[in-house]
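*Asks:* Structure below; questions to follow.
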Amino acid sequence: MKYVIGIGGVTNGGKTTLTNRLIKSLPNCCVVHQDDFFKKPDQIEVGEDGFRQWDVITALDMDAMVNTIRGWSENPVKFAHSHGVNVSPSTEVADPEQQIHILIVEGFLLYNYKPLMDVYNKCYYISIPYEECKRRRSTRHYTVPDPPGLFEGHVWPMYLKHRNEMVESCLDIAYLDGLKSEEGIYIQVYEDIQNTLLNRL
């Protein structure tokens with residue numbers, strides 16, 4: 001059985017932290033990070049707001065991301081091996097229909113791209129308020145540093161725009177409070193995934 005989990009949400013909301021906890025505790029679990037598909041800085045357009053448009057779908061090579069997910073779907077064992085993920089020994093000999101292979105897709109624009117909408121078996125979305133998001137982002141060190149005013153002038157407005165689009169898509173999404181403790185969010189999601197997987201077996 002193949003199972004794809006989306007972990008989306010606001011910048012600095014805790015997506016990667018949650019993902020890293022889950023991949024250590026779920027069986028045969030691989031991950032695709034949307035951030036790995038950013039285009040090169042010189043390919044990122046400058047918008048009317050005067051900022052490079054990092055927080056829009058065109059800043060990402062989404063075709064490559066979809067192809068990567070498709071590669072996992074076609075052969076999760078081969079994908080796992082090529083990404084250094086240990087596959088449970090029983091997986092290679094058990095009935096293929098009973099094998100559990102999990103892919104976590106993690107990123108900030110997971111639910112705004114039509115070719116990915118039907119990929120997910122379960123969707124999560126982490127939110128935090130403006131002030132907390134701004135505080136957390138100010139403590140991060142990015143390869144391309146944030147210019148002054150980027151958060152207020154581009155990052156947050158784009159987050160609100162894309163979140164509204166996502167809500168209008170009517171995708172079945174479980175919303176998570178990013179102000180809860182890391183442990184609390186992890187336990188909530190882990191138990192939810194375990195219950196869902198048990199019901200599907």
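The values are calculated or read from the model by the stated rules, or taken from the named source; none is laboratory data. All values derive from a computational prediction rather than experimental measurement. Glycine also receives a Cβ, built like all others from the backbone with ideal geometry; neighbour counts cover every protein chain displayed. In case anyone asks, the SASA skips ligands and DNA or RNA and just uses the protein heavy atoms, side chains included. Shrake-Rupley method; radii C 1.70, N 1.55, O 1.52, S 1.80 Å.
*Asks:* Could you tell me which of rounded, prolate or oblate describes the chain, using a ≥ b ≥ c as the square roots of the eigenvalues of the alpha-carbon gyration tensor, with rounded for a/c under 1.5 and, failing that, prolate when a/b is larger than b/c and oblate otherwise?
*Replies:* Because a/c hits 1.5 or more and a/b exceeds b/c, the chain counts as prolate.
*Asks:* Ok, one more. Working with all protein chains in place, sort MET62, MET158 by solvent-accessible area computed with a 1.4 Å probe, largest first.
*Replies:* Of MET62, MET158, the descending order of accessible area is MET158, MET62.
*Asks:* What FRET efficiency would be calculated for the residue pair ASP36, MET117, taking the C-beta separation as r and a Förster radius of 22 Å, to the nearest 0.05?
*Replies:* So, using R0 = 22 Å, E works out to roughly 0.60.
*Asks:* Could you work out what % of the accessible surface of region 129-186 is carbon and sulfur, using a 1.4 angstrom probe and leaving DNA, RNA and ligands out of the count?
*Replies:* Roughly 56 percent, rounded to a whole number.
*Asks:* Just THR143, THR68, THR19 to compare: in a GNM of the chain, with alpha carbon springs under 10 Å, which one fluctuates most?
*Replies:* THR143
*Asks:* As I understand it, the value is the acute angle between the Cα axis of helix 182-200 and the longest principal axis of the Cα atoms of the chain; what does it come to in degrees, rounded to 10?
*Replies:* 40 degrees
*Asks:* Using a 1.4 angstrom probe with every protein chain in place, what is the largest-first accessible-area order of ASP35, ASP192?
*Replies:* These residues rank, largest area first, as ASP35, ASP192.
*Asks:* Could I ask something else about it? Can you give the accessible area of ARG200 in Å² (nearest 10), computed on protein heavy atoms with a 1.4 Å probe?
*Replies:* About 110 Å², rounded to the nearest 10.
*Asks:* Angle check, please: helix 156-168 long axis (alpha carbons) against the longest principal axis of the chain (alpha carbons), in degrees 0 to 90, nearest 10.
*Replies:* 50 degrees
*Asks:* Can you classify region 20-100 as rounded, prolate or oblate using the Cα gyration tensor, where a ≥ b ≥ c are the square roots of its eigenvalues, rounded means a/c under 1.5, and otherwise it's prolate if a/b beats b/c and oblate if not?
*Replies:* Judged from the Cα gyration tensor, region 20-100 comes out prolate (a/c at least 1.5, a/b above b/c).
*Asks:* I'd like the distance between the alpha-carbon centres of region 150-179 and region 60-75, rounded to an integer number of Å.
*Replies:* Here the answer is 23 Å between Cα centres.
*Asks:* Just how much of HIS33 is accessible, in Å², when a 1.4 Å probe is used and the result is rounded to the nearest 10?
*Replies:* Its accessible surface works out to 40 Å², give or take rounding.
*Asks:* While we're looking at this one, here's another question. Please work out the FRET efficiency for the pair ASP146 and ALA64, using the Cβ-Cβ distance as r and a Förster radius of 35 Å; give the result to the nearest 0.05.
*Replies:* For R0 = 35 Å, the calculated efficiency reads 0.90.
*Asks:* With r defined as the distance between the Cβ atoms of SER73 and GLU183 and R0 fixed at 35 Å, what FRET efficiency is calculated, to the nearest 0.05?
*Replies:* 0.65
*Asks:* A further question on this structure: All other residues with a Cβ under 13 Å from the Cβ of VAL32 taken together, and with Lys, Arg as +1 and Asp, Glu as -1, what is their net charge?
*Replies:* -2
*Asks:* Per residue, how large is the accessible surface of region 82-201? Use a 1.4 angstrom probe and give square angstrom.
*Replies:* With all protein chains present, region 82-201 gives 59 Å² per residue.
*Asks:* If I fit a long axis through the Cα atoms of helix 15-25 and take the longest principal axis of the Cα atoms of the chain, what angle between them do I get, 0 to 90°, rounded to 10?
*Replies:* 10 degrees
*Asks:* Here's a follow-up. Is region 129-186 best put as rounded, prolate or oblate by its Cα gyration tensor, with a ≥ b ≥ c the root eigenvalues, rounded for a/c under 1.5, and otherwise prolate when a/b is larger than b/c, oblate when not?
*Replies:* Judged from the Cα gyration tensor, region 129-186 comes out oblate (a/c at least 1.5, b/c at or above a/b).
*Asks:* Taking every DSSP beta bridge that has both residues in the chain, what percent is antiparallel when rounded to the nearest 5?
*Replies:* Counting DSSP beta bridges with both partners in the chain, the antiparallel share is about 10 percent.
*Asks:* Rounded to the nearest 20 debye, what is the charge dipole size of region 32-150 about its Cα centre when +1 sits on each Lys and Arg Cβ and -1 on each Asp and Glu Cβ?
*Replies:* It works out to roughly 300 debye.
*Asks:* With a 1.4 Å probe and every protein chain left in place, tell me how much accessible area LYS134 has, in Å² to the nearest 10.
*Replies:* Roughly 80 Å² of LYS134 is accessible to a 1.4 Å probe.
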